[in-house]
């Protein structure tokens, strides 16, 4: 806790001294993303100050987007800035983000997936390619994808295709298919512990589950996939005029 420095003889308010001390050490890289900060009661005990002062200091850091507070967990350094996606553009704004990222295919298989056949309204005897992908931005994992592609639309699909192309580019450029309709469903969720680990964030962090369907002009589903991301990585914005 030696990164918090307080001078009670100074005219600078104590909450600003606390906030500035923590901010300074975040900027220096001493306090890294995800570092848990001491509790309010601990700071009050060590420095013999009011809990109101500490609470105000933490609120100041929250407003500056330097820390986040998780109910029942504590206060954590938050240096990762979210990517703002305009919901008016739906999947297209997310795809624009994905164009700047690296995709790591964790697993790839071809099988008859019972639930996927229900989701995609295809014959249970048809094969489906199933892929699990981590998307990285600046070498940090930000998205976890679970994607289903019917083999009849994507013959000879390989993992390297998924690494090279975003889903829309794979459909329209690589396979020359014509996506006609994109349907997305957004759910706020508490991320499962295994996905939290894959995204390198605290367990039980808040996040989003995005379910997506891409259809052709004949209302056939070309792809179905889910995306998990932490709420600290992605913000959604709606613009109305």
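By average Cβ neighbour count within 10 Å, what is the ranking of 112-122, 199-209 from highest down?
Working: 112-122: 14.7, 199-209: 18.2.
Output ranking for 112-122, 199-209: 199-209, 112-122.
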Work the Kirkwood hydrodynamic radius out for the range 14-77: mean of 1/r over every pair of different alpha-carbon atoms, inverted, in Å.
11.7
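If I take every Cα pair under 8 Å that is 6 or more residues apart in the chain, average their sequence separation and divide by the length, what percent do I get for the relative contact order? It would help to have the intermediate numbers written out before the result.
Values: 411 pairs, mean separation 40.4, N = 241.
Once divided by the residue count of the chain, the mean separation gives 17 percent.
Please compute one quarter of the surface area of the Cα convex hull for the chain and express it in square nanometres.
16.4
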Estimated inter-spin distance, residue 115 and residue 216, nm [label 7 Å along Cα→Cβ]
2.7
Fewest-first ordering of 158, 211, 103 by Cβ atoms within 10 Å yields 158, 211, 103
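Every number in this text was worked out from the coordinates using simple rules, so none of it is lab data. A quick note: this is a predicted structure, and the numbers were derived from the prediction, not measured. Quick reminder, even Gly has a Cβ in these numbers, built from the backbone with ideal geometry, and neighbours come from all protein chains shown.
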